[in-house]
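Taking it in order: structure first as structure tokens, then the write-up.
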Amino acid sequence: MTEGLMKTWTDLVQPLLRRPRQLQVAAICYRDAPLGRQVLLITSRGTGRWIVPKGWPIDGLNAVEAALQEAWEEAGVKARVERAEPAGHFDYDKRHDEGYETPVEAHVFKVCIDRLEDSYPEAGERDRQWFTPEEAANRVQEPGLQAILRQM
């Protein structure tokens, strides 16, 4: 009897309770400086932890265009895309103000910064700072994002 209950739980109930991961797009914004490559990180609005600009897909834009839009809104970045294909992806649980979490798979695009504006939609809500890729990897929490940053 116990074996049958475990099989039912594993094969039927757990898959029903598991929500599918939602898609987000993210931008690793970088520049090549005299002392080497630098990555721009921003703080999250809720916890203040270091992150890369990211957000939900935007109607009418493809994934890389949406990532560029998020980079503008969250970090004031005007940039060009290195490649139209994602450089990778990472998983994390997005915390909502209402107290629940959504499992997310974020597709990451590398974008080369042309310029950084001081006035942008979320300027008063976030801090931004330059780091080496290794320093950036040490500042973010998501292991998949850390790996992508370390490959830079």
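Considering segment 66-96, and only residues there that are in contact (Cβ under 8 Å) with a residue 40 or more places away in the chain, of a type outside the set (Lys, Arg) and part of a strand (DSSP E or B), the residue that is surrounded by the fewest Cβ atoms within 10 Å (Cβ to Cβ) turns out to be 91. Number of residues in segment 97-152 that are part of a loop (DSSP other than H, G, I, E, B), out of contact with any strand residue (DSSP E or B) (no Cβ under 7 Å at 6 or more places or on another chain) and over 19 Å from residue 73 (Cα atoms) equals 6. You will find that of 41, 5, 61, 16, the residue that is modelled with pLDDT of 85 or more, outside any loop (DSSP other than H, G, I, E, B) and out of contact with any Cys (no Cβ under 6 Å at 6 or more places or on another chain) is 41 and no other. Taken over segment 109-125, the residue count meeting the criterion of being charged (D, E, K, R) and surrounded by 11 or more Cβ atoms within 10 Å (Cβ to Cβ) is 4.
The values are calculated or read from the model by the stated rules, or taken from the named source; none is laboratory data. All values derive from a computational prediction rather than experimental measurement. All Cβ positions, even for glycine, are placed from backbone atoms using ideal geometry, and neighbour counts span all protein chains on display.
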